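Contents: one structure, followed by commentary.
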Ligand SMILES: Nc1ncnc2c1ncn2[C@@H]1O[C@H](COP(=O)(O)OP(=O)(O)O)[C@@H](O)[C@H]1O
Ligand SMILES: [Mg+2]
């Protein structure tokens, strides 16, 4: 025992003294950092990185190691993009794919959220279906395309089916991982505070698991976007609309490398923009609100 | 385990067979003795073992009176938290019986265990909400409780923006929001610096007097036990049982000589308990 027998704790000082001492300590120990405004390095640094890559690419192409029709330069691709834009196919492809991706994503969220909560909270279900869900996450969802074409034909149904098979398992897994990582203390507090089972799930488990859940949604979006592109590349014709994958496949059939590169870049850009405008702000807000961002590189 | 009559401070050794408070009458300050009040918590031959291991608690006997402030003292790992969890209903005893208030107890943990996704006020409000307090009343009540722990200004801050001492005060406000007559505290100030801890002792004593709660305060710190408790119960280690108790009077908190004497006597006894395992 570290305490010295000769120095017991005595009551000393008036209540006012204590009140002042307390107020002093409180202000000394509270964080004083003010919130800062827009951090321009967030925009400028990625732009600079992008420009560096473009320049390096252009230089490489200008050196002429490869034929231009096999490895087009950024200028060729920009030219092709503006032609495609003039024809309206860029707008049509982006819109079609984005719309499908969004609808598929929303359906996936609606299915995966209750499913994930159920699996995370009910041991029997978790034991039974957990391995299957993890397995599905490993299976590339392109593997479903042939089956989907046979079942749904060349329709939007095929695209949606493949998207759901890609997104749902990773969302479910994200939510389960989020619930697993809740400090056990929170549930004990909930129990002490007298929370019922439902209150525990909605007031404590779900908010506590939110960072993992959002990470799962983000991964789910990435998976559904990839699956969608794969489905669109393979499934051309029928009542399938003209998406980014279709644009890519069109470039391949015409042996037009600039179109192929334009489509690849567009697919990439949509991904980057959704990350920057949707997921990054949500995640950042969530983590900062819980004091989890200080010292990180975000 | 024999009583030590030559000790300067009267210590009541609790024999394993006797009812715990039968011996208290020899104490110089009998007015504070527990049996004169209505009992809030009664523990009878309580035992606990985890799995097939050695028992952590064995034959724990104690009675805690209503409105009493009891400090439960013991070396680390002796089963203090386990005992508190059993009283709170978070764990089941393996043997013995216990009597606790039917509506459960408020609990305060060593780390504040505040929810990081809501503000200080949100945390207090959640406790009120889970107790069934209506939305309109929740807000005013939460502010009153934060005012009680002198934290009204910090009501909208998130836990991570508060210092350790402030977090523990929010945690105290949340425990008070549960509005149970029994408050269990598991080493709530152990992780705090000395100045803050002294302050919180003062604050806790004031709140205890204002609210009339029954408090069981777990600590491994003798000085803290003497500073706060009306009665100090000593828990032995492996197995844990109540082996001695001391009454603490107001004089023990204001008179350096008396306080030192009592602290010394308890420390000696505690060290004796620990040395038995050397
Ligand atoms: N859930 C548990 N399972 C197994 N052993 C436990 C568990 N909880 C506590 N113990 C054991 O019980 C003993 C007492 O623990 P605890 O009550 O936390 O002590 P204290 O709070 O006095 O430091 C320790 O030896 C610890 O290892
Ligand atoms: Mg403990």
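The values are calculated or read from the model by the stated rules, or taken from the named source; none is laboratory data. Worth saying up front: this structure is predicted, and the values here are computed from it rather than measured. Reconstructed Cβ throughout: ideal geometry from the backbone, glycine too, with neighbour counts over all protein chains shown.
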Take the conditions at pLDDT 85 or above, within 13 Å of another protein chain (Cβ to nearest Cβ) and either within 25 Å of residue B:168 (Cα to Cα) or within 18 Å of the chain's Cα centre (by Cα) (or both) and apply them to residue B:207. Does it pass? yes
Kindly evaluate residue B:88 against the criterion of being farther than 24 Å from residue A:189 by Cα, within 16 Å of ligand 2 (Cβ to nearest atom) and either within 18 Å of the chain's Cα centre (by Cα) or within 14 Å of chain A (Cβ to nearest Cβ) (or both). no
I'm trying to understand the selection: among the residues of the stretch B:240-265, which are away from ligand 2 (no atom under 16 Å from the Cβ), touching a strand residue (DSSP E or B) at 6+ places or on another chain (Cβ under 7 Å) and more than 9 Å from every other protein chain (Cβ to nearest Cβ)? B:241, B:242, B:243, B:244, B:245, B:246, B:247, B:248
What residue, of A:272, A:282, is surrounded by fewer than 18 Cβ atoms within 10 Å (Cβ to Cβ) and touching a residue at least 60 places away in the same chain (Cβ under 8 Å)? A:282
Go through A:137, A:181 for me and flag whichever is more than 22 Å from residue A:236 (Cα to Cα) and surrounded by fewer than 17 Cβ atoms within 10 Å (Cβ to Cβ). A:181
Applying the selection to the stretch B:206-228, what residues are under 22 Å from residue B:38 (Cα atoms) and within 16 Å of ligand 1 (Cβ to nearest atom)? B:216, B:217, B:218
If you go through the stretch A:203-217 one residue at a time, do you hit one that is away from chain B (no Cβ under 13 Å), outside any helix (DSSP H, G or I) and either in contact (Cβ under 8 Å) with a residue 60 or more places away in the chain or touching a strand residue (DSSP E or B) at 6+ places or on another chain (Cβ under 7 Å) (or both)? no
Could you pull out the residue among B:199, B:183, B:234 that is at pLDDT 90 or above and away from ligand 1 (no atom under 16 Å from the Cβ)? B:183
In the stretch B:227-238, what residues are over 12 Å from the mean Cα position of the chain (by Cα) and either more than 16 Å from ligand 2 (Cβ to nearest atom) or over 20 Å from residue B:272 (Cβ atoms) (or both)? B:227
Give the residues of the stretch B:92-115 that are surrounded by fewer than 16 Cβ atoms within 10 Å (Cβ to Cβ) and more than 10 Å from chain A (Cβ to nearest Cβ), sorted by residue number. B:92, B:94, B:95, B:97, B:99, B:101, B:102
I'm checking my understanding of the structure. Among residues of the stretch B:119-138 that are more than 8 Å from every other protein chain (Cβ to nearest Cβ) and touching a helix residue (DSSP H, G or I) at 6+ places or on another chain (Cβ under 7 Å), which one is nearest to residue B:175 (Cα to Cα)? B:124
Among what's in the stretch B:49-79 and is away from every other protein chain (no Cβ under 14 Å), within 8 Å of ligand 1 (Cβ to nearest atom) and surrounded by fewer than 23 Cβ atoms within 10 Å (Cβ to Cβ), pick the residue that is farthest from residue A:190 (Cα to Cα). B:53
